[in-house]
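Chemist: Take a look at the following structure, please.
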Amino acid sequence: MAKKKAAPMGIDGDAFLAAQLAEPAFRQAFEQRRLIHEVALAVKGMRLAAGLTQAQLAKRIQSNQPMIARIEKGLDQRTPQFDTLQRIAGALGRQLKLVFVMPTKKTKTSIVEVETSARRTRKRSSEAQAAAE
């Protein structure tokens, strides 16, 4: 009877990433990519929630559709410019807010946050109350 081969040992991804993040240059590049990714998700989510196409949003901020697509895909190596994000926020009825916070090691929070509108929150809570009755 043939012996059963042991499964190959894998690499602990969390431990590997932690070791890489200990290097300042890697950490900086990692955080830059993370910010670009989170901005991409936020812009796309807000645009879709507003019911706009990329072309419609681009027109509102006096830009072009490919620029919106690049932001939403997170393809650029650079973080979108603050003034561009301000124009996008304004076109979507939002205000861009920059906050400096103390870093924490306990919680992994997102870098980019999108607040839900007060109207949606009130509507959801009134719907929940009606369903409960």
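The values are calculated or read from the model by the stated rules, or taken from the named source; none is laboratory data. What you are looking at is a predicted structure, and each value in this text was computed from that prediction instead of being measured. Backbone-built Cβ (ideal geometry, glycine too); neighbour counts: all protein chains shown. Note: areas computed on protein heavy atoms with side chains; ligands, DNA, RNA excluded. Shrake-Rupley method; radii C 1.70, N 1.55, O 1.52, S 1.80 Å.
Chemist: Once both labels are modelled 7 Å past Cα along the beta-carbon direction, what's the residue 20-residue 34 spacing in nm?
Modeler: Spacing of the two 7 Å Cα→Cβ label points: 1.3 nm.
Chemist: When the accessible area of the stretch 1-77 is computed with all protein chains present and a 1.4 Å probe, what percentage of it is carbon and sulfur? Mind showing how you got there, number by number?
Modeler: Numbers: 3460 of 5830 Å².
Percent of accessible area from carbon and sulfur atoms in the stretch 1-77: 59.
Chemist: Would you be so kind as to identify which of 40, 65, 99 lies farthest towards the positive end of the dipole of the stretch 25-111, taking Lys and Arg as +1 and Asp and Glu as -1 on Cβ and the Cα centre as origin?
Modeler: Result: 99, furthest along the dipole toward the positive end.
Chemist: Working with all protein chains in place, sort 26, 82, 100, 16 by solvent-accessible area computed with a 1.4 Å probe, largest first. Walk me through the numbers on the way to the answer.
Modeler: Values: 26 70, 82 95, 100 185, 16 120 Å².
Output order, biggest surface exposure first: 100, 16, 82, 26.
Chemist: If each of residue 27 and residue 49 carries a label point 7 Å out from its Cα toward its Cβ, how far apart are those two points in nm?
Modeler: My value for the distance between the label points is 3.2 nm.
Chemist: I would also like to ask the following. Which FRET efficiency value, to the nearest 0.05, is calculated for residue 111 and residue 9 with the Förster distance at 35 angstrom and r the Cβ-Cβ distance? Don't skip to the end; give the middle numbers.
Modeler: Numbers: r = 34 Å, r/R0 = 0.96.
It comes out at approximately 0.55.
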